[in-house]
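The values are calculated or read from the model by the stated rules, or taken from the named source; none is laboratory data. Keep in mind it's a predicted model, so treat the numbers as computed, not measured. Backbone-built Cβ (ideal geometry, glycine too); neighbour counts: all protein chains shown. Accessible surface is based on the protein model in full, side chains and every heavy atom, while ligands, DNA and RNA are left aside. Shrake-Rupley method; radii C 1.70, N 1.55, O 1.52, S 1.80 Å.
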Amino acid sequence: MQHHLLSTKFFEKAKHMIPGGVNSPVRACKSVGAEPIFVEYGSGSWIWDVDGNSYLDFVCSWGPLILGHCHPEVVTAVKKAAETGSSFGIPTWNEVKLAEMIVQAVPSIEKVRLVNSGTEATMSAVRLARGYTGRKKIIKFNGCYHGHADSFLVKAGSGVATLGIPGSPGVPEEIVQNTVAVPFNDKKILQEVLDKEGDDVACIIVEPVPANMGVVLPDDDFLPFLRKITEDRGIVLIFDEVITGFRLSLGGAQDYFDIMPDLTCLGKIIGGGLPVGAYGGRSEIMDHIAPDGPVYQAGTLSGNPIATAAGIKTLEILSRPGTYESLQNKMDYLAEELKVLGKKYGIKCTIQKVASMMTCFFGQDGPIKNFDQASKSDTEFYGKYFRQMLQNGVYIAPSQFEAAFVSLAHSWDDLDFAIEATESSFKVLA
Ligand SMILES: *Cc1c(COP(=O)(O)O)cnc(C)c1O
C-alpha cells in the first residue's frame, strides 16, 4: 500500500509560500480530489515520488517528453551545452540549427522566432497578426487553450476548464471585448460571426486538434473551411500547434491534415523538456517583426543554448525512421484494450485519439465534438479513476479535460501494465 507522507509534508510547506502550493494550477490535483505527489526523479516512461512510489507516466510533462524522461542522448547534449555557457544574449549556432530543423519539418513555416514558452508564442503570434492586418479582433474556440495571456482567457480549456473559471479577474473588459469565442466544429456560428464582424478580425487561432478539453477531432471539412474563410477575408489563420507540433507527425497537424496556416505556434516538444516556444510562418508576415519590422517582441533567454540543445537532439531523434509508426501502434493498442475493458465492466466512456495522444471521456456515448459536449463528462468518476490508477502505479492527468501521452520510452510491457492497472481500477469502480 502506498503512502504519501513526504509529499503531504512538502505540499503543506509549499502552500505557505507558493499560491496553492503549485507553480501551475492543474498540478494541485484539486479536481480529482487528490493532493499532488512530489517527484524525486524520472527515467524513461517511469517517475518516482519522494516517498519511493513508482508510477508509469502518461502525462510526460503535459506533452514535451515524447522521448520519455532523461533520454540519454538528450542528457548528454544538455550537459555539453551547460559546460560551454548557459546564456549570452548574443547569437549562438544552436538557434540557427533549431530554426532550420523547424523550417524543414513544418511545411508552412518559412521563418521562425524562438521564445521561452507556448504562452509567449501565442501572444506574440496574435500581436503579429494584429500588426500585420491593422485589425483588432481575434476569434478563438471554446475549450481551446492558448496559454495564459489576457486575450485568451475567454472560455479557455486546460486548467481554466478544469477549475471551472469562465473568464479571469485581472483581464480588463476592453481586452476581452476583442476576443470572440465560438464552438469548435461549428461552421454556421463562425460564418455568422464573420458576416457581422469579419472586417475587424485580425486572426482566427485554433488548436487544429484540440487537446485541452480532452482530445477532440476536427470534422473532415472543418480545417479546410477555416482555411478558406480566412483566406477570403484577409484574416490570419494561426494554428496553435504547441501540443500537436512534432506530436502528430514531424510536420505537426498541418502536415497530418495537409492544411497550411499562415502562422504556427510551437512549444512543448521543441524544447525536449526545457523551456522553448516558437512562432513562425510565411516570410512576408514574419518580416513585420522587429528588428526587420515594427511589431515588437523580445526575450532575454530566447533561444537559450541549453534549451535549444535539448530541442535539437529531441527533434533529431524524432526524425529517425519509424518513430511515429511506433508511437501510433502503441497508442492504438492501448486505446483498443481500454475500450474492451470499458465494455467488459460496463463503464460508459468514449475514447478519442490521434497519433500518440488520447482522452477517455467518462459517462459519454460520444463522439465529443466540442467543449459543451466534453463538459458533460463524468468528472467525479474521472477523479475516482485517477485515484485508483495512482494507487495502481499509473500517473494520468489530474483532469478529465487533458490528454494522455504515449512516449517512445513506453514499452509494450508498460502498456500491459497500464491495461492491468485499468482493469483493477474498473473492477473497483464498476
Ligand atoms: C501548453 C499549451 C500552451 C501554453 O504553453 P506554455 O508553455 O504552458 O505557456 C499553448 N497552447 C497549447 C495548445 C498548449 O497545449
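Couple of notes before you dig in:
- The number of residues in region 118-148 that are under 19 Å from HIS288 (Cβ atoms) and either part of a loop (DSSP other than H, G, I, E, B) or touching a residue at least 60 places away in the same chain (Cβ under 8 Å) (or both) comes to 18.
- Considering ASP219, ASP199, the condition of being assigned by TED's automatic domain parsing to the domain that holds GLY267, away from the ligand (no atom under 16 Å from the Cβ), open to solvent by 20 Å² or more (accessible area, probe 1.4 Å) and part of a loop (DSSP other than H, G, I, E, B) is satisfied by ASP219 alone.
- Identity of the residue in region 233-268, β-branched (Val, Ile, Thr) and within 11 Å of the ligand (Cβ to nearest atom), that ends up nearest to ALA129 (Cα to Cα): ILE238
- Any hit, region 127-146, residues being within 14 Å of the ligand (Cβ to nearest atom), farther than 24 Å from PRO183 by Cα and either in the same structural domain as GLY157 (by TED's automatic domain parsing) or among the aliphatic types (A, V, I, L, M) (or both): no
- Count - residues of region 345-388 that are part of a loop (DSSP other than H, G, I, E, B) and within 24 Å of PRO218 (Cα to Cα): 14
- Residue within region 258-272 that is acidic (Asp, Glu) and on the phi > 0 side of the Ramachandran plot present: yes
- Taken together, ASP413, ASP378, ASP372, ASP365 contain a single residue that is at pLDDT below 95, of a type outside the set (Gly, Ala, Ser), over 26 Å from LEU315 (Cβ atoms) and open to solvent by 50 Å² or more (accessible area, probe 1.4 Å), which is ASP365.
- Helices (runs of 4 or more DSSP H) wholly inside region 1-117 that include at least 1 residues being farther than 26 Å from SER319 by Cα and at pLDDT 95 or above: 5-17
- Residue within region 159-174 that is over 18 Å from the mean Cα position of the chain (by Cα) and either surrounded by 20 or more Cβ atoms within 10 Å (Cβ to Cβ) or under 17 Å from ARG135 (Cβ atoms) (or both) present: yes
Matching residues to (1) closer than 30 Å to LEU429 by Cβ; (2) within 16 Å of the ligand (Cβ to nearest atom); (3) not assigned by TED's automatic domain parsing to the domain that holds THR133:
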residue: GLY271; (1), (2), (3): no, yes, no
residue: VAL276; (1), (2), (3): no, yes, no
residue: TYR279; (1), (2), (3): no, yes, no
residue: GLU284; (1), (2), (3): no, no, no
residue: PRO305; (1), (2), (3): no, no, no
residue: ALA310; (1), (2), (3): no, yes, no
residue: SER326; (1), (2), (3): no, no, yes
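- Any hit, region 99-109, residues being farther than 19 Å from GLU207 by Cβ, within 16 Å of the ligand (Cβ to nearest atom) and open to solvent by 10 Å² or more (accessible area, probe 1.4 Å): no
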